[in-house]
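The values are calculated or read from the model by the stated rules, or taken from the named source; none is laboratory data. Computed from a predicted structure; not experimentally measured. Neighbour counts are summed over all protein chains in view; Cβ atoms, including those assigned to glycine, are modelled from backbone coordinates with ideal geometry.
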Amino acid sequence: MPVLFFVAVAVLFPFAVGPDAPLLARTGGGVLWIAALLAAILPIDRLVAPDIDNGVFDQLTLRGVSEELVLVVRLLAHWLSFGPLLLIAALPAAALFDLPAETLRTLLLGLALGTPGLAAIGLVIAALTATVRGGAALGGLLLIPLAVPVLIFGAGALARPDSAGLALCGAISLALCAVAPFAGAGAVRAARES
Amino acid sequence: MHGFANPKRFLSFARPLTPWLLALGLALAGGALFWGLTRVPAERLQGETVRILFLHVPAAWLGMAGWMTIAGASLAEIVWRHPLAAIAGRAAAVPGAFFTALCLVTGSLWGRPAWGTWWEWDGRLTSMLVLLFLYLGYIALSQATAREGASSRIPAIFGLFGVINVPVIHFSVTWWYSIHQPPSFSLGKSAMATAFQVPLLASTMGFTCLFAAVVLMRMRALLAETQAEARLRRRAREADGDAGQLREAGA
């Protein structure tokens, strides 16, 4: 489902800016990054909240499985549900935008490094808004500040392929993946108290 | 710190402190702004536009200090479950967001004549804008959780998560240096004349006092709100109990 959304953005974007090939080639990589970001937070209302409501977390806690471990697996599953497919879908999207081969290589590397970080952000937002009604709308607001570093370095690497953008993107992504299960587990435990 | 866990003890020092901070802040900030806007000579290169500094620098400092307040309150909430921490975080968020917005607006007004542009996507400007969105997200999340009766540790987790952004602000100057000048006001050496430094320090201290006074007032208002709610709930329970006794007596 997130992948279809990603493809829809890639197809609709040329209609919005016009079929100008050089312009599409220059801006296409950035648009695909934005589409990947939005695809990562598309299913946030179904990531954590149903498991809290059904008592899945409580059952697993009774069996001695910590919330952190559950969320690590959740993170992996969330990434698998959109990350690899997104990388494949980026190929036809790049063809639509007439991206040069060098840019496509940087884009694919950047998305491979950055999508785990985007998945981690989606997981944290999902856990934080699980107890709040209308959490998805709130999630959009929470997303802006958290996603900026990944986007700056990931999309920045497209403009300056020789810079350390990709390495920094990978570093931020790793840091997000390391912190997300603990932040999310704290939110899940806090949700249990209320 | 746990001495203030009792709201009554907190109120016993917050109540008299508020007017003092307010008066001191108004006097210092008002005096510094008056002095800075009328008495300080115009700068050699930037001319009269430099006077916006006396509002811009305190706003930038308080925008960041407000977020550090939220970070400290979030830590106290998560680690020690301090009962006043959630209230302190909520109280500091709105004035912090206000000063961050003020910093962006004054910087933009200064940037038009000085750089010839209202907005430049440079590191410091961008991270200040991101900080504003961080504030808005925190305010929205803390209000939503308070409304739904969810745990106040949820916004605290977001607050700590967002602290990662504050060092980015600090180091962004060196990361993406473009046309924003490097900080001219650091410990040890200063590139600024004393005629500017004194009113700048006074206005920074004055606005900090005002900020503290506003935070204390908002904390007291939030405390009063929860107390009023608890009292209403108790009264409703008592009324229920009375009605139950009457029914039993009638039966």
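Observations on the model:
- Any chance A:Leu166 is within 12 Å of chain B (Cβ to nearest Cβ), in contact (Cβ under 8 Å) with a residue 12 or more places away in the chain and of a type outside the set (Asp, Glu): no
Table: residues versus (1) surrounded by fewer than 18 Cβ atoms within 10 Å (Cβ to Cβ); (2) at pLDDT below 85; (3) farther than 16 Å from B:Ala88 by Cα.
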{"residue": "B:Met205", "(1), (2), (3)": "yes, no, yes"}
{"residue": "B:Leu223", "(1), (2), (3)": "no, no, no"}
{"residue": "B:Glu229", "(1), (2), (3)": "yes, yes, yes"}
{"residue": "B:Gly250", "(1), (2), (3)": "yes, yes, yes"}
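- Any hit, region A:138-150, residues being hydrophobic (A, V, I, L, M, F, W, C), over 16 Å from A:Ala36 (Cα atoms) and surrounded by fewer than 22 Cβ atoms within 10 Å (Cβ to Cβ): yes
- Pairing residues of region B:114-143 that are farther than 30 Å from A:Val132 by Cα with residues that are among the charged types (D, E, K, R), at Cβ distances under 6 Å and at least 6 apart in sequence or on separate chains, gives B:Trp118/B:Arg112.
Results for (1) at pLDDT below 90; (2) closer than 21 Å to B:Cys209 by Cβ; (3) assigned to a helix (DSSP H, G or I), shown as yes or no for each residue.
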position	(1), (2), (3)
B:Phe4	yes, yes, yes
B:Arg9	yes, no, yes
B:Ala23	no, yes, yes
B:Leu45	yes, no, no
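- When residues of region B:117-164 are limited to those that are aromatic (Phe, Trp, Tyr) and more than 11 Å from chain A (Cβ to nearest Cβ), the one surrounded by the fewest Cβ atoms within 10 Å (Cβ to Cβ): B:Trp118
- Residue within region A:112-134 that is assigned to a helix (DSSP H, G or I) and charged (D, E, K, R) present: no
- Within the option set A:Thr103, A:Thr61, being of a type in the set (Ser, Thr, Tyr) and touching a residue at least 24 places away in the same chain (Cβ under 8 Å) holds for one residue only, A:Thr103.
- Test result for B:Arg235, at pLDDT 70 or above, part of a helix (DSSP H, G or I) and either away from every other protein chain (no Cβ under 14 Å) or under 30 Å from B:Leu55 (Cβ atoms) (or both): yes
- Region A:140-149 - residue that is under 18 Å from A:Val179 (Cα atoms) and in contact (Cβ under 8 Å) with a residue 40 or more places away in the chain and, of those, nearest to the other protein chains (Cβ to nearest Cβ): A:Leu143
- Scanning region A:171-194 for residues that are among the small types (Gly, Ala, Ser), closer than 12 Å to A:Leu128 by Cα and more than 8 Å from chain B (Cβ to nearest Cβ) gives A:Ala180, A:Gly184, A:Ala185.
- The combined condition, being at pLDDT below 85, in a helix (DSSP H, G or I) and more than 8 Å from every other protein chain (Cβ to nearest Cβ), is fulfilled by B:Ala114.
- Residue satisfying condition, being away from chain B (no Cβ under 14 Å) and over 24 Å from A:Ala187 (Cα atoms), within set A:Ala119, A:Ala77, A:Ala94: A:Ala94
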